[in-house]
1. If Ala232 satisfies all but one of (1) farther than 21 Å from Arg111 by Cβ; (2) without any contact (Cβ under 8 Å) to a residue 40 or more places away in the chain, what's the number of the condition it fails?
2. With respect to Ala331, is the statement that it is touching a residue at least 40 places away in the same chain (Cβ under 8 Å) and in contact with a strand residue (DSSP E or B) (Cβ under 8 Å, 6 or more places away or on another chain) true?
3. Give the number of residues within the stretch 48-92 that are closer than 15 Å to Thr38 by Cα and either in contact with a strand residue (DSSP E or B) (Cβ under 7 Å, 6 or more places away or on another chain) or exposed (fewer than 13 other Cβ atoms within 10 Å of the Cβ) (or both).
4. I need the full set of residues from the stretch 11-69 which are of a type in the set (S, T, N, Q) and within 20 Å of the chain's Cα centre (by Cα), in order please.
5. Name the helices (runs of 4 or more DSSP H) wholly within the stretch 115-175 that hold at least 1 residues that are surrounded by fewer than 22 Cβ atoms within 10 Å (Cβ to Cβ) and over 18 Å from the mean Cα position of the chain (by Cα)?
6. Which residue out of Arg374, Arg406, Arg393 is in contact with a Gly (Cβ under 7 Å, 6 or more places away or on another chain), crowded, with 18+ Cβ neighbours inside 10 Å and without any contact (Cβ under 8 Å) to a residue 60 or more places away in the chain?
7. Working only within the stretch 309-339, note down all residues that are of a type in the set (Asp, Glu) and not in a loop (DSSP other than H, G, I, E, B).
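None of the figures in this text is laboratory data; all of them are computed from the coordinates on show. Predicted, not measured: the structure shown is a model, and the values here were computed from it. Neighbour counts run over all protein chains shown; Cβ positions are idealised from the backbone, glycine included.
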Amino acid sequence: MPRNYDIAELKRLDVAHHLPAQQDYKLIESMGGSRIVTHAEGCYIFDGDGNRILDGMAGLWCVNVGYGRDELADVAAEQMRELPFYNTFFKTVTPPTVLLAEKIAKLTGYRLPHIFFNASGSEANDTVFRMVRHYWKLKGQPKRTVFISRWNAYHGSTVAGVSLGGMTFMHEQGNLPVPGVEHVRQPYWFNEGRDMSPEDFGLVCAKAIEDKILEVGPENVAAFIGEPLQGAGGVIIPPANYWPEVERICRKYGILLVCDEVICGFGRTGNWWGHETMGVSPDIIAMAKGLSSGYMPISATAVSKEIVDVLKTGGDFVHGFTYSGHPVAAAVALRNIEIMEREHLIERTRNETGPYLAKALATLNDHPLVGETRSVGLIGAVEIVADKVSGARFGGAEGTAGPMVRDLCIENGLMVRGIRDTIVMCPPLIITTEQIDAMISIIRHALDLAAPKLTTA
């Protein structure tokens, strides 16, 4: 049973003392404090005002096995009693950390057999940033420092993560990106490529990477980094030919290929890895979120043998965090993976619930506000437009409709995310077809409620 909290007092304390992540502090103050989420079960969260909300975002793209898994709490408690913490700095390691490293390596088919642990996806990409540059220096090519990424990409909130990402509003806070990061266009067909076929657009976007390589000089480029599909960018699903062409270009110029699997990994796209779904073989992958289903903070960077063989020639790799390979987080992550395997959640996503979500989303295409629906596995999006033919946005620019429809969804019992004029969803992998139907019903109702407000604004 949930504890009996004084919700009014918690909201007061929230405003007085707590600085929430990626929020407008003045707005939170004007609201009288954040929504207090008190407990959760399965696919539902519950707030202090007594609302039950279907969690269409799996927390923050992460609670893949759903809420209320007692065995994850039990394994955490067991590990805490046995060994709550030890570091990996002193030529030491703990059993859960080693076992988890081997498990992740196995999930890559041992293509990426070496695992570096961190506590967040941002830290995993920070590790990528330093490791790749160090690798090229040890290879005798110290000029290879430049990363190529995409506009509107998200790779975390550290200085390196924000720099690798392509969100300009984040760059503006902190005078970022740091030198040595270049950005190219994103494969966002609906918004940027509808004057050509998806196939032609995919090749155009991939060519933008090659053009940037030639502009910078291949001898200066270290790596290309990208999410298999851009999650926080708005669930941007590239044309099918995009990623194979990107890999071809990277191999042509001897550039490392990095896939950010923080959102896409651990079954989200219907395979263990998003890069499997997209048909490419990266040299490095970053992962987090679904690794522990959010039950403990943990992330990892999986690295090829060729890269690690070079790193072995350089003495200490002086990088790492206090909680790199935390034994409790590792024990929970290991059991989380066991649950996904035991319950066949990846296969279920690929063969049952993922196709069902795609068909359910498609029923919204007849709505006058919907320009496009799209999904892969259990991650999807609804594009909101003022004109279905031209794709024009309300108010002549992106960003008006998404927050409005999101808020209406939440008011009606569904947690989704509004990204510009897109509603995105990423439910737990345990979601049922009946719950998917409920999601779609609430989204349609929210669109109906938003229509008169948007058209008269």
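1. Answer for Ala232: the failing condition is (2).
2. So Ala331 fails the test.
3. Residues in the stretch 48-92 being closer than 15 Å to Thr38 by Cα and either in contact with a strand residue (DSSP E or B) (Cβ under 7 Å, 6 or more places away or on another chain) or exposed (fewer than 13 other Cβ atoms within 10 Å of the Cβ) (or both): 9 in total.
4. Gln22, Gln23, Asn64
5. Because the criterion is at least 1 residues that are surrounded by fewer than 22 Cβ atoms within 10 Å (Cβ to Cβ) and over 18 Å from the mean Cα position of the chain (by Cα), the helices (runs of 4 or more DSSP H) in the stretch 115-175 that meet it are 121-138, 168-171.
6. Arg406
7. Passing the criteria: Asp309, Glu338.
Results for (1) under 20 Å from the mean Cα position of the chain (by Cα); (2) small (Gly, Ala, Ser), shown as yes or no for each residue.
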| residue | (1), (2) |
| --- | --- |
| Leu214 | no, no |
| Gly217 | no, yes |
| Ala222 | no, yes |
| Glu227 | yes, no |
| Gly231 | yes, yes |
| Pro239 | yes, no |
| Glu247 | no, no |
| Cys250 | no, no |
